[in-house]
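Reading through the structure tokens given below for one structure.
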Amino acid sequence: MVSFNQLGLSDSILKAITELGFETPSEIQAQAIPQLIENNIDFIGLAQTGTGKTAAFGLPLLQKIDPSNPHTQALILAPTRELGQQIAQQLEHFSKYQHRVNVLAVYGGTNIMTQIHALKRPQQVIIATPGRLIDLIQRKAVKLGNLQYLILDEADEMLTMGFKEEVDRILSYTPEEKNIWLFSATMSDDIKRIVRNYMEDPFEVKLNTRHEVNVNIEHQFAVVKRADKLEALVRFLDVNPDMRGVVFCRTKRETQNLAEDLLKRDYKADALHGDLSQHQRDRVMGRFKNHELQVLIATDVAARGIDVNDLTHVFHFSLPDDLSYYTHRSGRTARAGKKGTSIAFVHGREKFRVGRISHTLGIRFEQIRIPSADEIYNMRLKNWAQQIIATDVRG
């Protein structure tokens, strides 16, 4: 089995990632890191969410950055503010023992003048969402003339969210001589166009994503009438009091309504969807990360960039129309080598869709039943008894 010591990483980076608990590289890390360290190449990494892509490009990138060069040497484009923040945070951790490498994340929803002020200082690595980056370029706050590395993270999602023109425009501001590292879950037509138009003989790593993503996830489904889905979810919450999960809905309205229904029943839940302001979104995510919420109710797009390592469950309140979204959703659990459970609620006529997902993605589903009232009663009795036993009755 390959270790991080065999990938060509510097002692300072190895020391940092050892402290972070990194032990064995994931498949994308083991294949990408040596190539990106040793060669000046264009690169394509096809891997699903949760496979360690940030370290796969972040570790070699930090090793290639020249701290003595004050110019912006690398640009990382991310589809969402949350993903950008997480990449910046991880790069800060990875570079803990390096000579000072300045990393700055810029994104919409916050004061642009604060970001312009920060950009007046040397920033060797900029992480940006496309729209905010174009605003900053137009204000001449960002200069990309000395760029050496352009990383497109979750490129398929970026294009799905409608940033195709922005990506083309950003690329027009960059030097012709640079390396492009593209990471994506799928090789869509839009991704192929970027590869064809902007990349030169890229080295490609394509994972066996079925094994990589699903090895620690238990995939289950329950047949439930549409009108009974709320009650089914509540019963799973009751029988798993230590659960931390994300419930995926198809529409913003469905997301908000479900969160409100759960709140009325005194469950610790909140909604995450596109109609929230950035302040509201930050507040919800803060509460979830601080364990003030048991479940987060989210749409697919709003959930992009959520990176919480201790999620036990993912619920598909409605199955996604796009099969790739099933993989993205399920990949929110079973992070960092932990186990996770993905449960889909389907009505009778949707059972064929479970079969299609199983066949297409190469995963095995187990049909389960909704917990009974007796099971919930027994669980509550057990929890009550444990609380009594744990109570210190000494005066």
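Worth a mention:
- Using C-alpha pairs below 8 Å separated by at least 6 residues, the relative contact order for the chain is 18 percent.
- Average accessible surface for the stretch 131-277: 50 Å² per residue, computed with a 1.4 Å probe over protein heavy atoms with every protein chain in place.
- Distant-in-sequence amide contacts of Phe315, defined by a placed amide H-H separation under 5 Å and a gap of 5 or more residues or a different chain, comprise Val246, Val247, Phe248, Ile343.
- Each residue of the stretch 310-322 was assigned a 3J(HN,Hα) from its phi angle through the Karplus expression (A = 6.51, B = -1.76, C = 1.60, θ = phi - 60°), giving 10, 6, 8, 9, 10, 10, 9, 4, 9, 5, x, 6, 8 Hz with x at Gly and Pro.
- Relative contact order of the stretch 249-339: 30 percent, from C-alpha pairs under 8 Å at least 6 residues apart in sequence.
- Relative to one another, the C-alpha centroids of the stretch 272-330 and the stretch 51-128 are positioned 24 Å apart.
- Computed [θ] at 222 nm, deg cm²/dmol, the chain (DSSP H ≥ 4; -39,500 (n - 2.57); rounded to nearest 500): -12500 deg cm²/dmol
- A 1.4 Å probe run over the stretch 1-128, with the rest of the protein chains in place, finds 41 Å² accessible per residue.
- Reachable aspartates and glutamates from Lys15, criterion Cα separation under 17 angstrom, eight or more residues apart if same chain: Glu23, Glu92
- Nonlocal amide H pairs with Glu218, under 5 Å, H built at 1.01 Å: Gly340, Thr341, Ser342
- Furthest towards positive pole of dipole, Tyr107, Tyr97, Leu75, structure part the stretch 1-112, Cβ charges: Tyr107
- Portion, in percent, of the accessible area of the chain that falls on carbon or sulfur, probe 1.4 Å: 47 percent
- Other-chain or far-sequence residues with amide H under 5 Å of Arg335's (modelled H): Leu311
- Rg and Dmax of the stretch 16-116, Cα atoms only, in Å: 14.2, 42
The values are calculated or read from the model by the stated rules, or taken from the named source; none is laboratory data. Since the model is a prediction, treat every value here as computed from it, not as a measurement. Cβ atoms come from the backbone with ideal geometry, glycine included; neighbour counts cover every protein chain shown. In case anyone asks, the SASA skips ligands and DNA or RNA and just uses the protein heavy atoms, side chains included. Shrake-Rupley method; radii C 1.70, N 1.55, O 1.52, S 1.80 Å.
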